[in-house]
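A.B. asks: Before we start, here is the structure in question, set down as structure tokens.
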Amino acid sequence: MNTQDYINLESAYGARNYKPLDVVLSEGKGAWVTDVDGKRYLDCLSAYSAVNQGHCHPHIVQASIDQAQKLALTSRAFRNDKLGLFYKKLVDLTGYEMVLPMNSGAEAVETAIKVARKWAYVVKGVPKHDAEIIVAAGNFHGRTTTIISFSTEEFYRDMFGPFTPGFKTVPYGDFEAIKAAITPNTAAVMLEPIQGENGVVIPPAGYLKQVADYCKESNVLFIADEIQTGLCRTGKWFACQYEDVRPDITVIGKALSGGMYPVSAVLSDKEILGLFQPGEHGSTFGGSPLAAAIGIAALEVLENEHLAERATELGEYFMEELRKIDTSIVKEIRGRGMLIGVELHPEAGGARRYCEMLQEEGILAKETHDHVIRFAPPLVIEKSDLEWALGIITSVLKR
């Protein structure tokens, strides 16, 4: 079978809720992937930052095999010998006191919403079912019914109401708007430190610190969604660390498994996560021995291979070289670490066609928010690969 055969199969039998580039991948190693026709590509998306450690990292692959051959799933009806070790690894790395494991990032966000609401009722004294959570315009926290209820992207919402109440939306990066929105019923403020899906939007310097400090003054929880920005992608373990902010709740996923399995988690202290009672929340697959073993291995790779430092070093080089490209179609290049957005002027005709041209030349990137090309290669990428990619990116952006 060739590329078109596989595309025809997907089109015939699959729901069309995605519009991928027409490349059919069959293998991956490190920063490189290969399609079914044998053509190699440099992956500059990393499965939306899920493979920070590179495709099929041997340490994570081996951990997956070893655990899958022993015990994959028990449900949480029983204990397993890997989960406590996973918890301790996360606690030691992050400084939080407790961990609640889930599968997808959206599930972890839903978990954070639930525990923030319970905290509001039990600890803060908000009248039952009146708790509010403040979010930012342009957010992307997932696609469940509750989460799209506070999305400002109308396409995500249009045909899927009625929506879940209890959320207030303010402009991203506007601290004064958050101050004005907080009331006695506010349970939490939930933000992405960098809005990846909205086009790699970085808030003003000091914004996260101002929000976190004011939340503390106001007896409001600060929740950071670090699903895409966390785990070394931006040059630190968490993007909030650029402003010395320790959120009350941090949500992580994606690179927590290195792409080998869906693993996510909510991190917080006992006074918050300790509010959950048995039976109030759960997941059949969350915290499975397979998930825990993979999570431990994924964290070990991030730590042992110093991928945060690598993201800083290579990200600074990559952005500096991108800014040297002399082309009138680029409006702005912005990013932190190895999460980089190249925003094009509207007259360029949209970012999608440039991603298609890059694909033809052996680079896989993806448009976001119509006019932004997002570059987020695996953190194990070699500098020589970036040098090669820069030549092609320059040629494509000058067409």
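A.B. asks: List the pairs whose first member sits in segment 4-28 and is over 19 Å from G259 (Cα atoms), whose second member is basic (K, R) and surrounded by 12 or more Cβ atoms within 10 Å (Cβ to Cβ), and whose Cβ atoms are under 8 Å apart, counting only residues at least 6 apart or on separate chains?
C.D. replies: Note: pairs meeting the criteria are L21/K366.
A.B. asks: Also, quick follow-up: Which residues, counting only those in segment 157-169, are of a type outside the set (S, T, N, Q) and either farther than 19 Å from Q210 by Cα or under 21 Å from the mean Cα position of the chain (by Cα) (or both)?
C.D. replies: R157, D158, M159, F160, G161, P162, F163, P165, G166, F167
A.B. asks: Just to be sure, is N219 modelled with pLDDT of 95 or more, assigned by TED's automatic domain parsing to the domain that holds K124, touching a helix residue (DSSP H, G or I) at 6+ places or on another chain (Cβ under 7 Å) and part of a loop (DSSP other than H, G, I, E, B)?
C.D. replies: Considered against the rule, which asks whether it is modelled with pLDDT of 95 or more, assigned by TED's automatic domain parsing to the domain that holds K124, touching a helix residue (DSSP H, G or I) at 6+ places or on another chain (Cβ under 7 Å) and part of a loop (DSSP other than H, G, I, E, B), N219 comes out as yes.
A.B. asks: Looking at the structure I just gave you, is E243 out of contact with any Leu (no Cβ under 7 Å at 6 or more places or on another chain) and surrounded by fewer than 20 Cβ atoms within 10 Å (Cβ to Cβ)?
C.D. replies: no
A.B. asks: From the residues in segment 246-284 that are in contact with a strand residue (DSSP E or B) (Cβ under 8 Å, 6 or more places away or on another chain) and polar (S, T, N, Q), which one is surrounded by the fewest Cβ atoms within 10 Å (Cβ to Cβ)?
C.D. replies: Looking at residues that are in contact with a strand residue (DSSP E or B) (Cβ under 8 Å, 6 or more places away or on another chain) and polar (S, T, N, Q), I get S283.
A.B. asks: So, L386, is that one under 21 Å from K331 (Cβ atoms), of a type in the set (A, V, I, L, M) and either touching a helix residue (DSSP H, G or I) at 6+ places or on another chain (Cβ under 7 Å) or at pLDDT below 95 (or both) or not?
C.D. replies: Judged against the criteria, L386 is not a match.
A.B. asks: Looking only at segment 119-139, how many residues end up being without any contact (Cβ under 8 Å) to a residue 40 or more places away in the chain and within 28 Å of Y156 (Cβ to Cβ)?
C.D. replies: Residues that pass the stated criteria total 2.
A.B. asks: Restricting to strands (runs of 3 or more DSSP E) lying wholly in segment 257-353: which have 2 or more residues that are farther than 29 Å from H371 by Cβ?
C.D. replies: Here the list reads 264-268.
A.B. asks: Got a number for residues in segment 7-23 being assigned to a loop (DSSP other than H, G, I, E, B) and among the small types (G, A, S)?
C.D. replies: 2
A.B. asks: Across segment 24-69, which residue is surrounded by the fewest Cβ atoms within 10 Å (Cβ to Cβ) among those that are part of a loop (DSSP other than H, G, I, E, B), out of contact with any Leu (no Cβ under 7 Å at 6 or more places or on another chain) and not small (G, A, S)?
C.D. replies: Q69
A.B. asks: Another question, then. Taking D370 as meeting all but one of (1) surrounded by fewer than 14 Cβ atoms within 10 Å (Cβ to Cβ); (2) closer than 26 Å to G30 by Cβ; (3) not polar (S, T, N, Q), write down the number of the exception.
C.D. replies: (2)
A.B. asks: Name the residues in segment 142-176 that are without any contact (Cβ under 8 Å) to a residue 12 or more places away in the chain and closer than 18 Å to D225 by Cβ, would you?
C.D. replies: Matches in segment 142-176: D174 only.
A.B. asks: Given the criterion over 26 Å from H57 (Cβ atoms), of a type in the set (V, I, T) and buried (at least 22 other Cβ atoms within 10 Å of the Cβ), identify the matching residue among V330, V301, V342.
C.D. replies: Exactly one of V330, V301, V342 is over 26 Å from H57 (Cβ atoms), of a type in the set (V, I, T) and buried (at least 22 other Cβ atoms within 10 Å of the Cβ), namely V342.
A.B. asks: Assuming T250 fulfils every condition listed in (1) assigned to a loop (DSSP other than H, G, I, E, B); (2) closer than 30 Å to A68 by Cα; (3) within 14 Å of the chain's Cα centre (by Cα) apart from one, which condition is it?
C.D. replies: (1)
A.B. asks: From the list L73, L21, pick out the single residue that is over 30 Å from S288 (Cβ atoms), modelled with pLDDT of 95 or more, of a type outside the set (S, T, N, Q) and touching a helix residue (DSSP H, G or I) at 6+ places or on another chain (Cβ under 8 Å).
C.D. replies: L21
The values are calculated or read from the model by the stated rules, or taken from the named source; none is laboratory data. Remember, predicted model here, so these are calculated numbers, not experimental data. Neighbour counts are summed over all protein chains in view; Cβ atoms, including those assigned to glycine, are modelled from backbone coordinates with ideal geometry.
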